[in-house]
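Below is one structure, written out as structure tokens; the observations come after it.
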Amino acid sequence: NVNDFIRELELQVWSKLAKLSWRPFEEARLVVRELSFPGSKEFFTAFKNGEIPSDIPATPYSIYRNQGWISWGDWLGSGTVQTQQKIYSSYKEASDFAKRLNIKSVRDWQIMRRDHPELFPDKIPGSPQNTYKNRGWISWGEFLGTGRVADGTISWRPFKEAKAFVHQLGLNNYKEWRDYCNGEFNDLPKMPKDIPSGPRRVYKKKGWSGFPDWLGTYRNIKKGFRSFESARAFARSLKIDSISKWRLYSTGKLDGFDPKPFDIPSTPHIVYKNEWIDWNDWLGDNMVVATQQREYLSYTDARKFARKLGLGSVNEWSAYCKGQLVHLPPKPDNVPAGVSRTYNNNGWKSFADFLGYEPKRKKK
């Protein structure tokens, strides 16, 4: 067909000539935006399929480099800008912004950016430690204004000197120590920057022997503690029914109880080692039956209970047994925490079977 031949020839000629005379940038961008491509990948695919006019280039960032080109987000109308092409605020401006948010840690920064992105202008980077590297960045503590310094870059005060400072604070237990580190005791001296809030990690193998020693409550001697009989009577009056709950109580983490008196030791089996009998004697009739004497549900009944919890991993089961999943009911005493051991020869197959989740397949 002569007409079809002429039309095809004109198209071929036009496609060659178009490259010599590209459309003006604004006009070409308008055409592309009307096609609504989500990204550059889709733009290139459409170009290869002949879905874009011939006088619009496949490499607009090159052709229109000095004629209005900004970014792919601007070209496609999506509004996104590649990270390396963004223009961010100066380090000082970004740091001042972060300090106004009163964020205390890197984790808080990440959570706030995730949950409240509307609070963060486009000129504030999500990873300032990378954006401002060699441009003013010192540390997260300096950026956020908390004064904290990474453990590996600070010279900590010697253990004995640090402990001497902590002793004069008069703190009674671990909970009070955490509260002090979080700035909740305004009447006490401010925490020096060269004393760590996590002393166990910093002073491991450098004198560390526990928080009673760190705080000055003296774990290994009776000085300052009540007599064994008086302390035991107090412990029994609490009606705590397990060792795990006693430990939570000692650290101030057991709901419904006042803070532990300073003259009641957290580790009575050590402080009163000469009078000590066992935990059943310490907690009295409230103490639950020892694990080896406990009567548990059958594997079938225990599995039925566990599957109702909707847990999806061994770690979640462990967290549940420790009481960390507060949205779930407490674990009954007749369901063991160590289910794989208890039911080893009584029906046990796997945690996936016990909890009722589909195990992940290993990649070949």
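Within segment 126-141, does at least one residue satisfy the condition of being touching a Leu at 6+ places or on another chain (Cβ under 6 Å) and not in a helix (DSSP H, G or I)?
no
Here is a list of conditions, (1) modelled with pLDDT of 80 or more; (2) over 28 Å from S197 (Cβ atoms); (3) assigned to a helix (DSSP H, G or I), and E118 meets all of them except one; can you say which number that is?
Among (1) modelled with pLDDT of 80 or more; (2) over 28 Å from S197 (Cβ atoms); (3) assigned to a helix (DSSP H, G or I), the lone unmet condition for E118 is (1).
N49 - would you say it is under 20 Å from I87 (Cβ atoms) and polar (S, T, N, Q)?
So N49 does not fit the description; no.
Being closer than 13 Å to F159 by Cβ and open to solvent by less than 60 Å² (accessible area, probe 1.4 Å) is the filter here; which residues of segment 189-209 pass it?
D194, I195, P196, P199, V202, Y203, G207, W208, S209
Each row is one residue, and each column tells you yes or no for (1) over 28 Å from the mean Cα position of the chain (by Cα); (2) in contact (Cβ under 8 Å) with a residue 24 or more places away in the chain; (3) assigned to a helix (DSSP H, G or I); (4) under 30 Å from R23 (Cβ atoms).
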position: E51; (1), (2), (3), (4): yes, no, no, yes
position: N66; (1), (2), (3), (4): yes, no, no, yes
position: N102; (1), (2), (3), (4): no, no, no, no
position: R107; (1), (2), (3), (4): no, no, yes, no
position: F143; (1), (2), (3), (4): no, yes, yes, no
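Does R23 meet the test of being farther than 13 Å from L76 by Cα and touching a helix residue (DSSP H, G or I) at 6+ places or on another chain (Cβ under 8 Å)?
Answer is yes for this residue.
Go through segment 221-275 and give me each residue that's in a helix (DSSP H, G or I) and touching a Ser or Thr at 6+ places or on another chain (Cβ under 7 Å).
Answer for segment 221-275, where residues must be in a helix (DSSP H, G or I) and touching a Ser or Thr at 6+ places or on another chain (Cβ under 7 Å): just S250.
Between a residue in segment 303-314 that is outside any helix (DSSP H, G or I) and any residue that is at pLDDT 90 or above, which pairs come within a Cβ distance under 8 Å, given they are 6 or more apart or on different chains?
The qualifying pairs are L309/L355; L311/L355; G312/L355; S313/L355.
On the given criteria, is K223 at pLDDT 80 or above and open to solvent by 40 Å² or more (accessible area, probe 1.4 Å)?
No; evaluated as a whole, the condition is false for this residue.
Looking at (1) open to solvent by less than 70 Å² (accessible area, probe 1.4 Å); (2) more than 30 Å from P24 (Cα to Cα); (3) modelled with pLDDT of 80 or more; (4) part of a helix (DSSP H, G or I), find the lone condition where K160 falls short.
Unmet condition: (1).
The values are calculated or read from the model by the stated rules, or taken from the named source; none is laboratory data. Given the structure is predicted, the values throughout are model-derived calculations rather than measurements. Cβ atoms come from the backbone with ideal geometry, glycine included; neighbour counts cover every protein chain shown. When the accessible area is computed, the model is the full protein with side chains, heavy atoms only, and any ligands, DNA or RNA have been set aside. Shrake-Rupley method; radii C 1.70, N 1.55, O 1.52, S 1.80 Å.
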